[in-house]
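The values are calculated or read from the model by the stated rules, or taken from the named source; none is laboratory data. None of these values were measured; they are calculated from a predicted model. All Cβ positions, even for glycine, are placed from backbone atoms using ideal geometry, and neighbour counts span all protein chains on display. The accessibility values were calculated without ligands, DNA or RNA, using every heavy atom of the protein model including side chains. Shrake-Rupley method; radii C 1.70, N 1.55, O 1.52, S 1.80 Å.
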Amino acid sequence: MVLSSSQFQILRAAMDRVVPADTDQGAWEAGCGDFLIRLLEDDLVDRELYRSGLDSLDKEANELYQNSFDKLTSDEQDDLLTSVEVGSVFTRWSVFPGLFFRTLVKNTMEGYYGSSRNGGNRDGLAWQMIGFEVTG
Amino acid sequence: MSSPRYDSIVVGAGAGGGIAACVLAEAGKSVLLLEKGDFITYADEPRDHLRNHRLSTYGHNTGPSLVGNPRVYVDPDGVERVVRPHEGGYSAIASGVGSGTAVYGGMAWRFHPLDFEMASTYGVPPGSSLADWPISYDDLAPFYERVEWEIGVAGGPPASKMPPRREYPMPRMPETKKGRWLADAANRLGWSTQAVPILANSVDRAGRPACSHCQHCVGFACPVDAKNGTQNTVVPRALASGNCKLEIGAAATSVTTDSTGRVTGVTYLNSYGVQVEVTSEIVVLACGAVETARLLLLSASPANPRGIGNAYDMVGRNLQGHVYTGATGIMPEQAYDGIGPGPNIATLEFNHGNEGIVGGGMLCDEFVAMPLHFLLNDRPAWIPSWGKAHKDWMRMAYRHALQVRGPIHEIPSSASRVTLSSDIKDSNGLPVARLSGTTHRESLKIAEFMRRKAEIWLKEAGAREIWSFPTTLGLSAGQHQAGTCRMGHDRTNSVVDESCRVHGHDNLFIADGSVHVTNGGFNPVLTIMALAFRTSEGILNRW
């Protein structure tokens, strides 16, 4: 596996804050996880950035909230991700927090709004949501 | 391995090479048309929004292969990077039969008459290599008309800023809601407009159907073969003549010369990787501005020690493309109609005659946007890049956004150039192209001027929020790459003469954007094609 099961759980929670579920599906339900796993398996993104970044994100959650990242409330997750985005972290990261976060956001968007054939945007749900209609 | 002798060899089956092969073959000359890539077809087209010529994050839908074809890119800070074909800085043109014309949006602009006379109209900005073309608009006009009719353009009458011309063979693409808003706004502003001319069928023509108005035009192969490129017009004509042999998967490695330095033919690696040497009376290079320059430099020999046509160190210089600018606005009602290709109305009001500005550019509405392309390129700074607010914005903005964009007539710099890498080689063991330098900074002033015009146009059209992004100085080449084998009378500061023949080589011609002295304030493909007709007819006239 390219990610451990705990990394997988953190990834799921983080992606679902990047594109949260509301009246339309969130990132995970749309297949963004599958999309990213394919990128990781095909060596199209940096595995170490994800492995280390997800571990660090969880460590950061434990340091600040004494809980695993995926167990935090949505507001706590958003606050934590906002800090990571600007590089304001309290634990030692071996990758740049901002780089990890920007990569996570970029890949989540690519999965969510890209072609279904790549794993995300399941059944074209994101295109239906925004009104990108493919007629021919 | 040695092959039969041909009357002519054309290297590259794209916009220029396809036309050169057709003109020569139909005149009875035997032609070997070499194409490094493969056929580009809709059947093989997965329409991947991350792997196409509009958005190539992880690859392309055409050649060249991501493996074995690197280039070296030197960024404006002087940092060198090895880049693959889909990566920033590479400046890829589709490799394959038709090249970019198989996947382009097909805007069919003639250059403005003053685009050929930039230096004498405006003077030469210090440090730039701005120059007049050695030919005029009138020299090219009959060949523009041939492209419009023989390749096939759909459009309306010319804007008042352009000379009169014969009507196009097909009516304009249907007017869209966005086009109507912008046309009305331009009228109120007193700006001249015209329907955007497109190299695609608006009605059934030449045995192929009308455009189906799909949402995947620019960057993708056409699902109904309504897009008119060289792959479905002049290349089939060349083959039908019985005088042209098309060889795909054939990568030229050098232009060969005899002991006096005279061009004798071409060596290439065929699709099996076998080196083949072919000879001909005439050689026409049409590999695009980067690879044509590279091939000339790779062809150094004792008689041409710095490369062919490069006695004065001019091959590869003046690399240019198009700086784009524009603006995005949110309309009170939905602007999205999904009617492809998308560009509907343009203003040519600001290509010339702008106080204090050298030249200018064209503005028009945009192609139907892939959602990801919109998200990556059009999000204003005040919208977060993630979270609920971003998702809400996408739901509102995608269908309410109206975009106006266009290329500016770049001010070239001789320091922006193609050279050979000293250490990086391709899969055939040949030094790759190294791209360095930036466009001249005067270009930024023009882009800023045009950006404000785009905002004014959107405001008049009724957009509420309007935003845009400043242009930064960088290397400009890309799909509109041009300039590396500049046309001119003086062999000390140009590479080809006014007939696009390489100085000092009476049987070597160039038929791609390399020869453009400047690249116009418009998409350049119609000019590349018109020059290819002119150059090929010129070859025949002297043969």
**Q.** Label point distance in nm, A:R102-A:K71, each placed 7 Å from Cα along Cα→Cβ
**A.** 3.3
Q. In the range B:41-55, what residues drop by 20 Å² or more in accessible surface going from the chain by itself to the full protein assembly, probe 1.4 Å?
A. B:P46, B:R47, B:D48, B:H49, B:L50, B:R51
**Q.** Percent carbon-and-sulfur accessible area, the protein assembly as shown, ignoring ligands, DNA and RNA, probe 1.4 Å
**A.** 49
(Q) Between A:V86 and A:S52, what's the calculated FRET efficiency when r is the beta-carbon distance and R0 is 30 Å? Round to 0.05. (A) 0.95
Q. Among the lysines, which have Cα under 20 Å from the Cα of B:K29 when same-chain residues fewer than 8 positions away are ignored?
A. B:K245
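Averaged over its residues, how many other protein chain Cβ atoms are within 10 Å of peptide B:516-524's Cβ atoms?
0
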Q. Do any GluC sites (Glu not before Pro) in the range A:58-136 lie in a DSSP loop with no more than 14 other beta carbon atoms within 10 Å, and if so, which?
A. A:E133
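When only C-alpha pairs under 8 Å and at least 6 residues apart count, what is the relative contact order of chain A, in percent? Walk me through the numbers before you get to the answer.
Values: 155 pairs, mean separation 40.6, N = 136.
30 percent.
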Q.
Tell me the mean residue ellipticity at 222 nm calculated for the protein assembly as shown from its helices only (DSSP H runs of n ≥ 4, each -39500 (n - 2.57), averaged over every residue, nearest 500).
A. -9000 deg cm²/dmol
Q) To the nearest 20 debye, what is the magnitude of the charge dipole of chain B about its Cα centre, counting +1 on the Cβ of each Lys and Arg and -1 on the Cβ of each Asp and Glu? A) 820
Q. Any idea what the relative contact order of the range B:1-132 is, in percent, if you count C-alpha pairs under 8 Å spaced at least 6 apart?
A. 20
Q) Using a 1.4 Å probe on protein heavy atoms, which residues of the range A:98-122 have at least 50 Å² less accessible area in the complex than alone? A) A:M109, A:E110, A:Y113, A:R117
Q | For residues of A:45-55, the mean tally of beta carbons on other chains within 10 Å | A | 0
Q: Classify the range A:67-118 as rounded, prolate or oblate, taking a ≥ b ≥ c as the square roots of the eigenvalues of its Cα gyration tensor: rounded when a/c is under 1.5, otherwise prolate if a/b is larger than b/c and oblate if not.
A: oblate
Q.
Loop-only GluC sites (Glu not before Pro) in the range B:322-373, please: DSSP not H, G, I, E or B, and at most 12 other Cβ atoms within 10 Å.
A. B:E333, B:E355
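I'd like the interface area for chains A and B: accessible area of each alone minus the complex, both sides summed, 1.4 Å probe, protein heavy atoms only. What is it in Å² to the nearest 100?
By this definition, chains A and B bury close to 2700 Å².
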Q) If you find the alpha carbon centre of the range B:392-414 and of the range B:271-342, how far apart are they in angstrom? A) 24
Q | Of B:K178/B:K388; B:K161/B:K227; B:K161/B:K391; B:K388/B:K445; B:K177/B:K227; B:K227/B:K391, those spanning more than 31 Å from alpha-carbon to alpha-carbon | A | B:K161/B:K391; B:K388/B:K445; B:K227/B:K391
Q: Please name the residues of the range B:385-411 whose accessible area, counted over protein heavy atoms with a 1.4 angstrom probe, falls by no less than 10 Å² between the chain alone and the full protein assembly.
A: B:S385, B:W386, B:G387, B:K388, B:H390, B:K391, B:M394, B:R395, B:Y398, B:R399
(Q) Over the range A:5-121, with the other protein chains present, what is the accessible area per residue in square angstrom, probe 1.4 angstrom? (A) 44
Q. What are the residues whose amide H is under 5 Å from the amide H of B:D426, where those residues sit 5 or more places off or on another chain and H is modelled from the backbone?
A. B:V432
Q: On a 0 to 90° scale, report how tilted helix B:137-147 is relative to the longest principal axis of chain B, with both axes built from alpha carbons and the result rounded to the nearest 10.
A: 90
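Leaving out ligands and nucleic acids, and using a 1.4 Å probe, what accessible area per residue does chain B come to in Å²?
Ligands and nucleic acids excluded, the result is 34 Å² per residue.
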Q) Roughly how much of B:R180 is accessible, in Å² to the nearest 10, using a 1.4 Å probe? A) 100
Q) How do B:E291, B:E410, B:E167 stack up against each other in accessible area, from largest to smallest, with a 1.4 angstrom probe? A) B:E167, B:E291, B:E410
Q | With DNA, RNA and ligands ignored, accessible area of B:C287 (1.4 Å probe; Å², nearest 10) | A | 40
